[in-house]
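Okay, structure first, notes after.
The values are calculated or read from the model by the stated rules, or taken from the named source; none is laboratory data. Computed from a predicted model, the values in this text were never measured in an experiment. For neighbour counting, all protein chains shown are included, and Cβ atoms are generated from backbone atoms with ideal geometry for every residue, glycine included. Calculation scope for accessible area: heavy atoms of the full protein, side chains included, ligands and nucleic acids excluded. Shrake-Rupley method; radii C 1.70, N 1.55, O 1.52, S 1.80 Å.
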Amino acid sequence: MEFAGSHILSIDQFERPDIEHVFSTADTMEPYAQRRRLTKVLDGAILGNMFFESSTRTRVSFGSAFNLLGGEVRETTSFESSALVKGESLRDTARVLSGYSDVICMRHPVAGSVKEFASASRVPVINGGDGTNEHPTQALLDLYTIKRELEARDRKIDGLRIAMIGDLKFGRTVHSLSRLLCLYEKLNVVLVSPGELAMPEHLVDQLRAADHQVTVTDKLEEGIQHVDIVYSTRIQEERFPSTEEADLYRGKFRLNQAIYTRACEPNTVIMHPLPRDSRQEANELDMDLDTNPNLAIFRQTDNGVLLRMALFALIFSVADQAERYSRELNWQPARRRS
Ligand code: ASP
């Protein structure tokens, strides 16, 4: 794929060598993300961060990634405070905002909306999540995390055994991740959800067509027994017709240390796109897992910055110039712990 000037809208744009290119570029971003050096390679560039649906991690990590490359960030963070509420079309908004920015990251509650927006944008657009459809950068950072976690255990992505758990119907992160896994070989994919929240049929078919072994179950402990990665997800209550309906499924697949010890192989990695729903009635990933070294959820969020830096660097064709425009910091990072 040609990264320079491209929109990033769907995982379907990528082939395996593209993914490897993104991952090796992400590796080179570590000195800047870890504040060992400072680069100004995107000095003067402006990111328009347009989030028309709630977001913390994705929005802030896109912004931080752009800042870490030396660029500036402008944000619109709610539907209500944007002109969309006055009836402006997505295409008009795109024409206008693309005159103010060099790249736009966008999240919107309607599936397909970011693509429509991109069709009228004069600058590259990155999909930060469009309804239940896709969240391509989350899937990339998830797979980047999986790769790093597996490498630490002398394993590769090919042959991976993964269980995806929870709301597989509305969860866009598992939709994008499933598409991405189709680029790899001989995987064992276990889909654990209530029948009503099962992975869409076309994605299950796509996984099977990629020659992966797919098991569909509603039994948590059976599903997580023989896997390398447990990928838990949140019940996407904002996509349900009512809270009462979401309540029917909340808390059905709680993972805690006792269940982990009983059911999982030693060193099974635990991931979640976050936010984890920690309310008592949900408690998807119990806090008692926080001291388990295999809980990778915060390594996952740190990796998100590297991955998003890599995408910006590739879109602006500066991946090999970050070092040239770098220097030492003239301040000491005031971090209290790693
Ligand atoms: N943060 C992820 C998303 O935006 C997962 C979630 O919200 O549950 O899709």
Take Thr76 and decide whether it is within 15 Å of the ligand (Cβ to nearest atom) and among the hydroxyl-bearing types (Ser, Thr, Tyr).
-> no
Report, ordered by the first and then the second residue, all pairs with beta carbons closer than 7 Å, sequence separation of six or more or different chains, a first member in segment 217-236 that is under 19 Å from Arg153 (Cβ atoms), and a second member that is of a type in the set (D, E, K, R).
-> His226/Arg161; His226/Glu265; Val227/Arg161; Asp228/Arg155; Asp228/Arg161
Exactly one of (1) out of contact with any Cys (no Cβ under 6 Å at 6 or more places or on another chain); (2) of a type in the set (Gly, Ala, Ser); (3) within 16 Å of the ligand (Cβ to nearest atom) is unmet by Gly128. Its number?
-> (1)
Restricting segment 42-64 to residues that are open to solvent by less than 20 Å² (accessible area, probe 1.4 Å) and away from the ligand (no atom under 16 Å from the Cβ), the one farthest from Met106 (Cα to Cα) turns out to be Leu42
Among the residues of segment 83-112, count how many are surrounded by fewer than 16 Cβ atoms within 10 Å (Cβ to Cβ) and either touching a residue at least 40 places away in the same chain (Cβ under 8 Å) or over 23 Å from the mean Cα position of the chain (by Cα) (or both).
-> 13
Extreme residue, farthest from the ligand (Cβ to nearest atom), among residues of segment 139-181 that are buried (at least 23 other Cβ atoms within 10 Å of the Cβ) and among the acidic types (Asp, Glu) = Asp142
Given the conditions (1) out of contact with any Phe, Trp or Tyr (no Cβ under 8 Å at 6 or more places or on another chain); (2) farther than 17 Å from Val174 by Cβ, report the number of the one that Ala198 does not fulfil.
-> (2)
For segment 254-287, name all the residues that are outside any strand (DSSP E or B) and aliphatic (A, V, I, L, M).
-> Ala258, Ile259, Ala263, Leu274, Ala282, Met287
Are any residues in segment 122-138 buried (at least 21 other Cβ atoms within 10 Å of the Cβ) and among the polar types (S, T, N, Q), and if so, which ones?
-> Asn127, Thr137, Gln138
Taking segment 288-304 and keeping only residues that are touching a residue at least 12 places away in the same chain (Cβ under 8 Å), under 13 Å from the mean Cα position of the chain (by Cα) and open to solvent by 30 Å² or more (accessible area, probe 1.4 Å), one is left with Arg299, Thr301, Asp302
Matching residues, segment 251-282, being without any contact (Cβ under 8 Å) to a residue 40 or more places away in the chain, within 24 Å of the chain's Cα centre (by Cα) and open to solvent by 30 Å² or more (accessible area, probe 1.4 Å) | Arg254, Asn256, Ser278, Arg279
Have a look at Gln225, Gln206 and point out the one that is of a type in the set (S, T, N, Q) and in a loop (DSSP other than H, G, I, E, B).
-> Gln225
Test result for Leu220, of a type outside the set (Asp, Glu), away from the ligand (no atom under 16 Å from the Cβ), under 23 Å from Glu134 (Cα atoms) and buried (at least 19 other Cβ atoms within 10 Å of the Cβ) = no
When you look at Lys115, is it open to solvent by 10 Å² or more (accessible area, probe 1.4 Å), out of contact with any strand residue (DSSP E or B) (no Cβ under 9 Å at 6 or more places or on another chain) and in a helix (DSSP H, G or I), yes or no?
-> no
For segment 60-84, name all the residues that are at pLDDT below 95 and outside any strand (DSSP E or B).
-> Thr77, Ser78, Phe79, Glu80, Ser81, Ser82, Ala83, Leu84
